[in-house]
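Working notes for the structure below.
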Amino acid sequence: MPSAPPETLDVVIAGGGVAGLAAALALSRLPGKPLSITLVDPTALPASTPGTPGAWDLRVYAMAPKVLAWLAELGLQPLLDARRTQPIAEMHIAAGAPPKGLLLSAYEVGSTELAVVMEEGLLARALRTALQVGGRVRWISGSVSALTQTEGGDAVELTVDGDTGAQQLRARLLLGADGKHSRIRDLAGIPFTRRPYGQTGVVAHFASNQPHHAGAWQWFGADDVLALLPLPDSADTRAAERGRTGHAVSMVWSMPAGQAQAWLADDTGQAALDAALAERVRPAGFELQRLTPLAGFELALSKVPQPVRGRVMLIGDAAHGVHPLAGQGLNLGLHGVMALHRALAEREAFRDCGDARVLARAVRAHAERVAGMQLLTDQLATLFHSTRPWGRWAAGAMNLLGYSHVLKSRLVRAAIA
Ligand SMILES: Cc1cc2nc3c(=O)[nH]c(=O)nc-3n(C[C@H](O)[C@H](O)[C@H](O)COP(=O)(O)OP(=O)(O)OC[C@H]3O[C@@H](n4cnc5c(N)ncnc54)[C@H](O)[C@@H]3O)c2cc1C
(Lines give C-alpha, C1' and ligand atoms only; values in the text may rest on other atoms or scores of the structure.)
Protein backbone atom coordinates (compact mmCIF):
# COMPACT_ATOMS: atom_id res chain seq x y z
CA MET A 1 0.00 0.00 0.00
CA PRO A 2 1.49 3.41 -0.92
CA SER A 3 2.43 5.46 2.14
CA ALA A 4 0.28 8.49 2.97
CA PRO A 5 1.66 11.80 1.68
CA PRO A 6 3.41 13.84 4.37
CA GLU A 7 1.47 16.67 6.00
CA THR A 8 1.95 20.04 4.31
CA LEU A 9 4.13 22.28 6.45
CA ASP A 10 4.00 26.04 6.06
CA VAL A 11 7.75 26.69 5.72
CA VAL A 12 10.87 24.54 5.36
CA ILE A 13 14.19 26.39 5.62
CA ALA A 14 17.20 24.62 4.13
CA GLY A 15 20.31 25.97 5.86
CA GLY A 16 21.01 26.82 9.48
CA GLY A 17 23.59 29.58 8.93
CA VAL A 18 22.79 33.04 10.29
CA ALA A 19 20.39 33.88 7.41
CA GLY A 20 18.41 30.64 7.85
CA LEU A 21 18.32 30.94 11.64
CA ALA A 22 17.17 34.56 11.49
CA ALA A 23 14.45 33.65 8.98
CA ALA A 24 13.25 30.82 11.26
CA LEU A 25 13.09 33.15 14.25
CA ALA A 26 11.41 36.03 12.41
CA LEU A 27 8.80 33.82 10.73
CA SER A 28 8.05 32.04 14.02
CA ARG A 29 7.22 35.46 15.54
CA LEU A 30 4.73 36.56 12.84
CA PRO A 31 1.46 37.75 14.33
CA GLY A 32 -1.65 35.63 13.83
CA LYS A 33 -1.88 31.87 13.49
CA PRO A 34 1.64 30.46 14.03
CA LEU A 35 3.31 28.99 10.93
CA SER A 36 4.63 25.42 11.13
CA ILE A 37 8.34 25.82 10.43
CA THR A 38 11.05 23.17 9.97
CA LEU A 39 14.73 24.01 9.63
CA VAL A 40 17.03 21.50 7.88
CA ASP A 41 20.81 21.67 8.31
CA PRO A 42 23.52 18.96 8.18
CA THR A 43 24.60 19.85 11.72
CA ALA A 44 22.61 18.83 14.79
CA LEU A 45 21.00 21.66 16.78
CA PRO A 46 23.77 22.14 19.32
CA ALA A 47 23.18 22.87 22.99
CA SER A 48 23.42 26.61 23.48
CA THR A 49 26.79 26.71 25.20
CA PRO A 50 28.44 30.07 25.78
CA GLY A 51 31.48 31.01 23.70
CA THR A 52 34.83 29.99 25.15
CA PRO A 53 36.37 32.95 26.98
CA GLY A 54 39.57 33.99 25.28
CA ALA A 55 38.92 31.94 22.12
CA TRP A 56 37.44 33.88 19.23
CA ASP A 57 35.74 32.68 16.05
CA LEU A 58 37.72 33.56 12.99
CA ARG A 59 34.55 34.78 11.26
CA VAL A 60 33.66 38.18 12.70
CA TYR A 61 31.16 40.54 11.13
CA ALA A 62 30.58 44.27 11.21
CA MET A 63 26.82 44.33 11.76
CA ALA A 64 24.82 47.38 10.62
CA PRO A 65 22.76 49.31 13.23
CA LYS A 66 19.46 48.81 11.34
CA VAL A 67 19.98 45.05 11.21
CA LEU A 68 20.86 44.96 14.92
CA ALA A 69 17.76 47.03 15.76
CA TRP A 70 15.62 44.48 13.91
CA LEU A 71 17.33 41.56 15.69
CA ALA A 72 16.69 43.37 19.00
CA GLU A 73 12.98 43.58 18.10
CA LEU A 74 13.06 39.79 17.77
CA GLY A 75 14.38 39.65 21.36
CA LEU A 76 18.01 38.85 20.54
CA GLN A 77 19.69 41.71 22.43
CA PRO A 78 19.91 40.04 25.89
CA LEU A 79 21.36 36.90 24.26
CA LEU A 80 24.30 38.76 22.70
CA ASP A 81 27.08 38.89 25.31
CA ALA A 82 28.08 42.58 25.24
CA ARG A 83 31.61 41.68 26.39
CA ARG A 84 32.11 39.97 23.03
CA THR A 85 30.87 42.84 20.85
CA GLN A 86 32.72 45.98 19.78
CA PRO A 87 31.08 49.09 18.30
CA ILE A 88 32.86 50.87 15.45
CA ALA A 89 32.62 54.64 15.97
CA GLU A 90 34.94 55.68 13.15
CA MET A 91 36.60 54.27 10.10
CA HIS A 92 39.94 55.30 8.62
CA ILE A 93 40.13 54.75 4.87
CA ALA A 94 43.25 55.24 2.81
CA ALA A 95 44.29 54.64 -0.78
CA GLY A 96 48.00 53.94 -0.78
CA ALA A 97 50.14 54.33 2.28
CA PRO A 98 48.63 55.21 5.67
CA PRO A 99 48.04 57.47 7.48
CA LYS A 100 46.80 59.61 4.54
CA GLY A 101 43.16 59.15 3.72
CA LEU A 102 39.76 59.97 5.04
CA LEU A 103 37.88 59.49 8.23
CA LEU A 104 34.28 58.31 8.37
CA SER A 105 32.77 59.11 11.70
CA ALA A 106 29.49 57.89 13.16
CA TYR A 107 29.01 61.32 14.75
CA GLU A 108 29.00 63.02 11.33
CA VAL A 109 25.86 61.12 10.44
CA GLY A 110 24.22 61.58 13.82
CA SER A 111 24.77 58.01 14.92
CA THR A 112 26.67 56.59 17.88
CA GLU A 113 28.12 53.74 15.82
CA LEU A 114 28.76 52.81 12.21
CA ALA A 115 28.54 49.09 12.99
CA VAL A 116 29.08 46.58 15.78
CA VAL A 117 31.70 43.84 15.40
CA MET A 118 30.68 40.38 16.58
CA GLU A 119 31.55 36.74 15.99
CA GLU A 120 29.44 34.60 13.66
CA GLY A 121 29.29 32.04 16.48
CA LEU A 122 27.91 34.60 18.95
CA LEU A 123 25.13 35.57 16.57
CA ALA A 124 24.34 31.97 15.61
CA ARG A 125 24.27 30.83 19.27
CA ALA A 126 21.93 33.67 20.23
CA LEU A 127 19.59 32.81 17.36
CA ARG A 128 19.61 29.09 18.23
CA THR A 129 18.90 29.85 21.88
CA ALA A 130 15.99 32.09 20.90
CA LEU A 131 14.64 29.31 18.65
CA GLN A 132 14.97 26.72 21.41
CA VAL A 133 13.29 28.97 23.96
CA GLY A 134 10.47 29.82 21.51
CA GLY A 135 10.05 26.10 20.81
CA ARG A 136 8.09 26.68 17.61
CA VAL A 137 10.67 25.56 15.05
CA ARG A 138 11.46 21.90 14.40
CA TRP A 139 15.11 21.13 13.54
CA ILE A 140 16.03 18.23 11.26
CA SER A 141 19.65 17.23 10.99
CA GLY A 142 20.19 16.44 7.30
CA SER A 143 20.62 17.84 3.78
CA VAL A 144 18.01 18.54 1.15
CA SER A 145 18.92 16.25 -1.75
CA ALA A 146 15.89 16.49 -4.09
CA LEU A 147 12.88 18.70 -4.67
CA THR A 148 9.90 18.99 -6.97
CA GLN A 149 7.14 21.55 -7.19
CA THR A 150 3.72 19.88 -7.20
CA GLU A 151 1.75 19.97 -10.47
CA GLY A 152 -1.00 22.07 -9.00
CA GLY A 153 1.64 24.53 -7.77
CA ASP A 154 0.34 24.36 -4.20
CA ALA A 155 3.46 22.93 -2.50
CA VAL A 156 7.09 21.85 -2.79
CA GLU A 157 8.03 18.25 -2.05
CA LEU A 158 11.54 17.55 -0.86
CA THR A 159 13.80 14.74 0.20
CA VAL A 160 16.03 15.19 3.22
CA ASP A 161 18.96 12.82 3.71
CA GLY A 162 19.84 12.43 7.38
CA ASP A 163 21.61 10.04 9.72
CA THR A 164 18.51 7.88 10.00
CA GLY A 165 17.89 7.69 6.24
CA ALA A 166 15.83 9.75 3.81
CA GLN A 167 12.57 11.46 4.69
CA GLN A 168 10.00 13.31 2.60
CA LEU A 169 8.71 16.78 3.48
CA ARG A 170 6.05 18.89 1.83
CA ALA A 171 5.83 22.66 2.31
CA ARG A 172 4.00 25.73 1.04
CA LEU A 173 7.30 27.62 1.02
CA LEU A 174 10.88 26.38 0.79
CA LEU A 175 13.58 28.92 1.71
CA GLY A 176 17.03 28.11 0.30
CA ALA A 177 19.41 29.54 2.92
CA ASP A 178 22.16 27.08 2.08
CA GLY A 179 24.98 29.48 1.27
CA LYS A 180 27.00 30.49 -1.78
CA HIS A 181 27.15 26.97 -3.29
CA SER A 182 23.39 26.52 -2.81
CA ARG A 183 22.07 23.06 -3.66
CA ILE A 184 18.52 24.39 -3.48
CA ARG A 185 19.36 26.92 -6.24
CA ASP A 186 20.54 24.06 -8.48
CA LEU A 187 17.68 21.69 -7.61
CA ALA A 188 15.07 24.41 -8.28
CA GLY A 189 16.80 25.34 -11.56
CA ILE A 190 17.23 29.00 -10.58
CA PRO A 191 19.73 30.68 -12.96
CA PHE A 192 22.64 32.61 -11.47
CA THR A 193 25.97 34.09 -12.53
CA ARG A 194 29.20 33.94 -10.56
CA ARG A 195 32.24 36.07 -11.43
CA PRO A 196 35.30 35.24 -9.31
CA TYR A 197 37.40 38.29 -8.41
CA GLY A 198 40.57 36.19 -8.61
CA GLN A 199 41.07 37.22 -4.98
CA THR A 200 41.09 35.52 -1.60
CA GLY A 201 39.97 37.11 1.67
CA VAL A 202 42.57 36.10 4.27
CA VAL A 203 41.42 36.43 7.88
CA ALA A 204 43.11 36.17 11.31
CA HIS A 205 43.06 37.91 14.69
CA PHE A 206 46.02 39.88 16.07
CA ALA A 207 47.10 41.34 19.39
CA SER A 208 47.83 45.03 18.94
CA ASN A 209 50.29 47.33 20.70
CA GLN A 210 47.82 50.23 20.70
CA PRO A 211 44.15 50.75 21.56
CA HIS A 212 41.90 51.01 18.53
CA HIS A 213 39.61 53.66 20.09
CA ALA A 214 36.62 51.95 18.43
CA GLY A 215 38.19 52.63 15.03
CA ALA A 216 38.30 50.35 11.98
CA TRP A 217 41.00 50.72 9.32
CA GLN A 218 40.93 50.02 5.62
CA TRP A 219 43.74 50.45 3.11
CA PHE A 220 43.10 50.21 -0.65
CA GLY A 221 46.36 49.06 -2.22
CA ALA A 222 47.27 48.59 -5.88
CA ASP A 223 45.88 45.06 -5.94
CA ASP A 224 44.52 44.43 -2.45
CA VAL A 225 42.29 45.79 0.33
CA LEU A 226 43.47 45.41 3.90
CA ALA A 227 40.99 45.92 6.75
CA LEU A 228 41.42 45.81 10.51
CA LEU A 229 38.26 45.55 12.61
CA PRO A 230 38.41 46.37 16.33
CA LEU A 231 37.81 43.52 18.80
CA PRO A 232 36.93 44.11 22.47
CA ASP A 233 40.03 44.80 24.54
CA SER A 234 39.61 41.69 26.63
CA ALA A 235 38.94 39.63 23.52
CA ASP A 236 41.93 37.37 23.78
CA THR A 237 43.24 36.73 27.20
CA ARG A 238 46.31 35.10 25.72
CA ALA A 239 47.46 38.56 24.65
CA ALA A 240 47.33 39.76 28.24
CA GLU A 241 48.97 36.56 29.48
CA ARG A 242 51.90 37.21 27.20
CA GLY A 243 52.38 40.55 28.87
CA ARG A 244 50.82 42.46 26.00
CA THR A 245 48.13 45.05 26.31
CA GLY A 246 45.12 42.89 25.52
CA HIS A 247 44.16 45.15 22.60
CA ALA A 248 43.11 43.08 19.60
CA VAL A 249 42.01 43.50 15.99
CA SER A 250 40.62 41.20 13.32
CA MET A 251 42.16 41.31 9.83
CA VAL A 252 40.40 40.80 6.49
CA TRP A 253 42.99 41.09 3.73
CA SER A 254 41.60 40.71 0.21
CA MET A 255 44.52 39.91 -2.07
CA PRO A 256 45.29 38.21 -5.41
CA ALA A 257 44.50 34.49 -5.11
CA GLY A 258 48.05 33.47 -6.15
CA GLN A 259 49.59 35.63 -3.42
CA ALA A 260 47.21 34.20 -0.81
CA GLN A 261 47.95 30.64 -1.93
CA ALA A 262 51.69 31.22 -1.51
CA TRP A 263 51.30 32.83 1.92
CA LEU A 264 48.82 30.25 3.21
CA ALA A 265 50.85 27.26 1.94
CA ASP A 266 53.19 26.72 4.90
CA ASP A 267 54.90 28.27 7.93
CA THR A 268 57.38 30.16 5.77
CA GLY A 269 54.56 31.71 3.74
CA GLN A 270 52.65 32.64 6.88
CA ALA A 271 55.72 34.31 8.38
CA ALA A 272 56.08 36.25 5.10
CA LEU A 273 52.47 37.43 5.41
CA ASP A 274 53.06 38.56 9.01
CA ALA A 275 56.12 40.52 7.87
CA ALA A 276 54.28 42.11 4.92
CA LEU A 277 51.42 43.06 7.22
CA ALA A 278 53.79 44.59 9.78
CA GLU A 279 55.22 46.81 7.04
CA ARG A 280 51.78 47.88 5.83
CA VAL A 281 50.41 48.87 9.23
CA ARG A 282 53.54 50.38 10.83
CA PRO A 283 52.94 53.93 9.48
CA ALA A 284 49.61 53.90 11.36
CA GLY A 285 51.44 52.99 14.57
CA PHE A 286 50.35 49.35 14.71
CA GLU A 287 52.56 46.49 15.87
CA LEU A 288 50.62 43.26 15.51
CA GLN A 289 51.17 39.75 16.75
CA ARG A 290 49.08 36.95 15.25
CA LEU A 291 46.86 35.09 17.71
CA THR A 292 45.10 32.62 15.39
CA PRO A 293 45.78 30.52 12.31
CA LEU A 294 45.13 32.16 8.93
CA ALA A 295 42.10 31.18 6.85
CA GLY A 296 41.28 32.10 3.24
CA PHE A 297 37.93 32.59 1.46
CA GLU A 298 37.59 32.77 -2.33
CA LEU A 299 35.82 36.02 -3.33
CA ALA A 300 33.24 36.28 -6.11
CA LEU A 301 30.35 38.43 -7.30
CA SER A 302 27.21 36.24 -7.48
CA LYS A 303 23.99 37.45 -9.00
CA VAL A 304 20.62 35.73 -9.03
CA PRO A 305 18.35 37.81 -11.29
CA GLN A 306 15.16 36.14 -10.02
CA PRO A 307 15.59 34.47 -6.59
CA VAL A 308 12.08 32.94 -6.60
CA ARG A 309 10.85 30.01 -8.63
CA GLY A 310 7.37 28.79 -7.79
CA ARG A 311 7.33 28.20 -4.04
CA VAL A 312 11.11 28.19 -3.66
CA MET A 313 12.87 31.40 -2.56
CA LEU A 314 16.59 31.94 -2.01
CA ILE A 315 17.90 34.07 0.86
CA GLY A 316 21.36 35.02 2.19
CA ASP A 317 24.47 34.06 0.21
CA ALA A 318 22.38 31.65 -1.87
CA ALA A 319 20.68 34.75 -3.34
CA HIS A 320 23.65 37.13 -3.71
CA GLY A 321 27.40 37.31 -3.15
CA VAL A 322 29.38 40.54 -2.76
CA HIS A 323 33.03 41.48 -2.20
CA PRO A 324 33.60 41.82 1.58
CA LEU A 325 35.31 45.24 1.33
CA ALA A 326 32.19 47.00 2.66
CA GLY A 327 31.48 44.25 5.24
CA GLN A 328 27.92 43.93 3.97
CA GLY A 329 27.32 40.31 2.79
CA LEU A 330 25.48 39.06 5.85
CA ASN A 331 23.85 42.44 6.49
CA LEU A 332 22.43 42.24 2.96
CA GLY A 333 21.18 38.71 3.62
CA LEU A 334 19.42 39.82 6.80
CA HIS A 335 17.85 42.80 5.02
CA GLY A 336 16.39 40.21 2.61
CA VAL A 337 14.95 38.26 5.55
CA MET A 338 13.48 41.53 6.91
CA ALA A 339 11.80 42.18 3.54
CA LEU A 340 10.30 38.67 3.52
CA HIS A 341 9.19 39.05 7.13
CA ARG A 342 7.41 42.30 6.28
CA ALA A 343 5.77 40.91 3.12
CA LEU A 344 4.44 37.92 5.09
CA ALA A 345 3.22 40.08 7.98
CA GLU A 346 1.35 42.37 5.59
CA ARG A 347 -0.13 39.70 3.29
CA GLU A 348 -3.87 39.49 2.73
CA ALA A 349 -5.69 36.84 4.78
CA PHE A 350 -6.47 34.75 1.69
CA ARG A 351 -2.79 34.45 0.62
CA ASP A 352 -0.68 31.63 2.07
CA CYS A 353 2.98 32.05 3.00
CA GLY A 354 4.28 30.74 -0.34
CA ASP A 355 1.92 32.81 -2.48
CA ALA A 356 3.65 34.08 -5.63
CA ARG A 357 2.44 37.66 -5.12
CA VAL A 358 3.75 37.78 -1.54
CA LEU A 359 7.17 36.43 -2.54
CA ALA A 360 7.34 38.89 -5.47
CA ARG A 361 6.68 41.78 -3.05
CA ALA A 362 9.52 40.60 -0.81
CA VAL A 363 11.92 40.36 -3.76
CA ARG A 364 10.91 43.79 -5.09
CA ALA A 365 11.40 45.40 -1.70
CA HIS A 366 14.95 44.03 -1.48
CA ALA A 367 16.08 44.21 -5.13
CA GLU A 368 17.30 47.82 -5.15
CA ARG A 369 19.47 47.32 -2.05
CA VAL A 370 21.05 44.18 -3.56
CA ALA A 371 21.76 45.87 -6.89
CA GLY A 372 23.17 48.97 -5.16
CA MET A 373 25.49 47.01 -2.90
CA GLN A 374 26.71 44.80 -5.74
CA LEU A 375 27.44 47.91 -7.84
CA LEU A 376 29.23 49.75 -5.01
CA THR A 377 31.44 46.86 -3.94
CA ASP A 378 32.14 45.75 -7.51
CA GLN A 379 33.09 49.28 -8.60
CA LEU A 380 35.45 49.73 -5.66
CA ALA A 381 36.97 46.26 -6.04
CA THR A 382 37.52 46.50 -9.77
CA LEU A 383 38.58 50.16 -9.90
CA PHE A 384 41.34 49.74 -7.35
CA HIS A 385 42.35 46.32 -8.63
CA SER A 386 42.08 46.81 -12.33
CA THR A 387 44.82 45.16 -14.38
CA ARG A 388 43.83 47.19 -17.44
CA PRO A 389 45.97 50.26 -18.13
CA TRP A 390 43.02 52.68 -17.97
CA GLY A 391 41.89 51.20 -14.68
CA ARG A 392 45.37 51.54 -13.18
CA TRP A 393 45.55 55.06 -14.52
CA ALA A 394 42.15 55.92 -13.03
CA ALA A 395 43.04 54.52 -9.64
CA GLY A 396 46.48 56.10 -9.68
CA ALA A 397 45.43 59.46 -11.00
CA MET A 398 42.35 59.71 -8.86
CA ASN A 399 42.66 62.55 -6.44
CA LEU A 400 41.41 60.85 -3.31
CA LEU A 401 40.40 64.14 -1.79
CA GLY A 402 38.32 65.02 -4.85
CA TYR A 403 36.65 61.64 -4.81
CA SER A 404 36.44 61.36 -1.07
CA HIS A 405 33.04 62.92 -0.53
CA VAL A 406 31.44 60.45 -2.97
CA LEU A 407 33.30 57.48 -1.52
CA LYS A 408 32.65 58.71 1.97
CA SER A 409 28.93 59.22 1.68
CA ARG A 410 28.44 55.93 -0.17
CA LEU A 411 30.46 53.93 2.34
CA VAL A 412 28.82 55.61 5.34
CA ARG A 413 25.38 55.02 3.89
CA ALA A 414 26.32 51.40 3.20
CA ALA A 415 27.63 50.97 6.73
CA ILE A 416 24.70 52.34 8.65
CA ALA A 417 21.83 51.43 6.32
C1 LIG B 1 36.40 37.30 4.40
C2 LIG B 1 34.94 37.62 4.57
C3 LIG B 1 34.54 38.63 5.45
C4 LIG B 1 33.18 38.95 5.61
N5 LIG B 1 32.83 39.98 6.45
C6 LIG B 1 31.53 40.32 6.56
C7 LIG B 1 31.12 41.43 7.41
O8 LIG B 1 31.92 42.10 8.07
N9 LIG B 1 29.79 41.75 7.46
C10 LIG B 1 28.85 41.04 6.75
O11 LIG B 1 27.66 41.40 6.82
N12 LIG B 1 29.21 39.99 5.96
C13 LIG B 1 30.51 39.61 5.84
N14 LIG B 1 30.86 38.55 5.04
C15 LIG B 1 29.80 37.78 4.34
C16 LIG B 1 29.21 36.67 5.23
O17 LIG B 1 30.25 35.79 5.61
C18 LIG B 1 28.14 35.87 4.49
O19 LIG B 1 27.26 36.75 3.83
C20 LIG B 1 27.32 35.00 5.46
O21 LIG B 1 28.14 34.10 6.14
C22 LIG B 1 26.24 34.20 4.69
O23 LIG B 1 25.40 33.54 5.60
P24 LIG B 1 24.33 32.49 5.08
O25 LIG B 1 23.54 32.05 6.29
O26 LIG B 1 23.60 33.00 3.89
O27 LIG B 1 25.19 31.24 4.52
P28 LIG B 1 26.16 30.23 5.29
O29 LIG B 1 26.75 30.84 6.50
O30 LIG B 1 27.09 29.69 4.23
O31 LIG B 1 25.19 29.06 5.80
C32 LIG B 1 24.68 28.06 4.91
C33 LIG B 1 24.11 26.90 5.76
O34 LIG B 1 23.46 25.97 4.86
C35 LIG B 1 23.77 24.64 5.25
N36 LIG B 1 23.58 23.77 4.07
C37 LIG B 1 24.39 23.62 3.00
N38 LIG B 1 23.86 22.75 2.11
C39 LIG B 1 22.66 22.34 2.63
C40 LIG B 1 21.62 21.46 2.17
N41 LIG B 1 21.68 20.81 0.97
N42 LIG B 1 20.51 21.26 2.95
C43 LIG B 1 20.43 21.91 4.14
N44 LIG B 1 21.37 22.77 4.62
C45 LIG B 1 22.47 22.97 3.87
C46 LIG B 1 25.21 24.73 5.78
O47 LIG B 1 25.49 23.70 6.68
C48 LIG B 1 25.19 26.10 6.50
O49 LIG B 1 24.82 25.98 7.86
C50 LIG B 1 32.20 38.22 4.88
C51 LIG B 1 32.60 37.19 4.02
C52 LIG B 1 33.95 36.89 3.87
C53 LIG B 1 34.36 35.79 2.91
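Given the condition in a helix (DSSP H, G or I), within 15 Å of the ligand (Cβ to nearest atom) and surrounded by 23 or more Cβ atoms within 10 Å (Cβ to Cβ), answer yes or no: does some residue in the stretch 253-261 qualify? Checked against the condition, which is being in a helix (DSSP H, G or I), within 15 Å of the ligand (Cβ to nearest atom) and surrounded by 23 or more Cβ atoms within 10 Å (Cβ to Cβ), the stretch 253-261 yields at least one hit. Among the residues making up the stretch 283-339, a single one is hydroxyl-bearing (Ser, Thr, Tyr) and surrounded by fewer than 20 Cβ atoms within 10 Å (Cβ to Cβ): THR292. Residue count for the stretch 285-324, restricted to those that are among the acidic types (Asp, Glu), more than 13 Å from the ligand (Cβ to nearest atom) and assigned to a strand (DSSP E or B): 0. Residues of the stretch 68-97 being in a helix (DSSP H, G or I) and either buried (at least 18 other Cβ atoms within 10 Å of the Cβ) or in contact (Cβ under 8 Å) with a residue 40 or more places away in the chain (or both), which ones? Within the stretch 68-97, LEU68, TRP70, LEU71, LEU79, ARG83, ARG84 qualify. Contact map, the stretch 316-333: residues that are free of Cβ contacts under 8 Å to residues at least 24 places away in the same chain and over 11 Å from LYS180 (Cβ atoms) paired with residues that are near the ligand (Cβ under 7 Å from one of its atoms) and not polar (S, T, N, Q), Cβ distance under 6 Å, separation 6+ or inter-chain. No pairs are found.
Can you name the residue in the stretch 140-191 that is over 27 Å from the mean Cα position of the chain (by Cα) and at positive phi and is also nearest to the ligand (Cβ to nearest atom) among such residues? In this case the residue turns out to be GLY165. Looking at ASP355 and the list (1) modelled with pLDDT of 95 or more; (2) touching a helix residue (DSSP H, G or I) at 6+ places or on another chain (Cβ under 8 Å); (3) not aromatic (Phe, Trp, Tyr), which single condition is not satisfied? Status for ASP355: all satisfied but (2).
What do you reckon, is GLY17 within 19 Å of GLY121 (Cα to Cα), modelled with pLDDT of 95 or more and either of a type outside the set (D, E, K, R) or surrounded by 16 or more Cβ atoms within 10 Å (Cβ to Cβ) (or both)? Here the answer is yes, as GLY17 does meet what is asked.
Please give the strands (runs of 3 or more DSSP E) falling wholly within the stretch 123-235 in which 2 or more residues are closer than 30 Å to LEU359 by Cα. Give the derivation first.
Values: elements: 137-149, 156-162, 165-176, 193-208, 215-220, 225-231.
In the stretch 123-235, the matching strands (runs of 3 or more DSSP E) lie at 137-149, 156-162, 165-176, 193-208.
The set of residues from the stretch 271-327 being of a type in the set (D, E, K, R) and out of contact with any Ser or Thr (no Cβ under 9 Å at 6 or more places or on another chain) comprises ASP274, GLU279, ARG280, ARG282, ARG290, ARG309. Give the residue that is farthest from ASP186 (Cα to Cα), with candidates limited to residues of the stretch 143-163 that are among the hydrophobic types (A, V, I, L, M, F, W, C) and surrounded by 15 or more Cβ atoms within 10 Å (Cβ to Cβ). Taking the candidates together, the pick is ALA155.
When each of ALA248, ALA235, ALA284, ALA240 is tested for being in contact with a Lys or Arg (Cβ under 8 Å, 6 or more places away or on another chain) and modelled with pLDDT under 95, the lone residue that passes is ALA235. Number of residues in the stretch 18-41 that are more than 13 Å from the ligand (Cβ to nearest atom) and either out of contact with any strand residue (DSSP E or B) (no Cβ under 9 Å at 6 or more places or on another chain) or on the phi > 0 side of the Ramachandran plot (or both): the value is 6. Selection within the stretch 128-142: residues that are closer than 22 Å to LEU71 by Cβ and of a type in the set (A, V, I, L, M). The member of this set that is surrounded by the fewest Cβ atoms within 10 Å (Cβ to Cβ) is VAL133.
The values are calculated or read from the model by the stated rules, or taken from the named source; none is laboratory data. What you are looking at is a predicted structure, and each value in this text was computed from that prediction instead of being measured. All Cβ positions, even for glycine, are placed from backbone atoms using ideal geometry, and neighbour counts span all protein chains on display.
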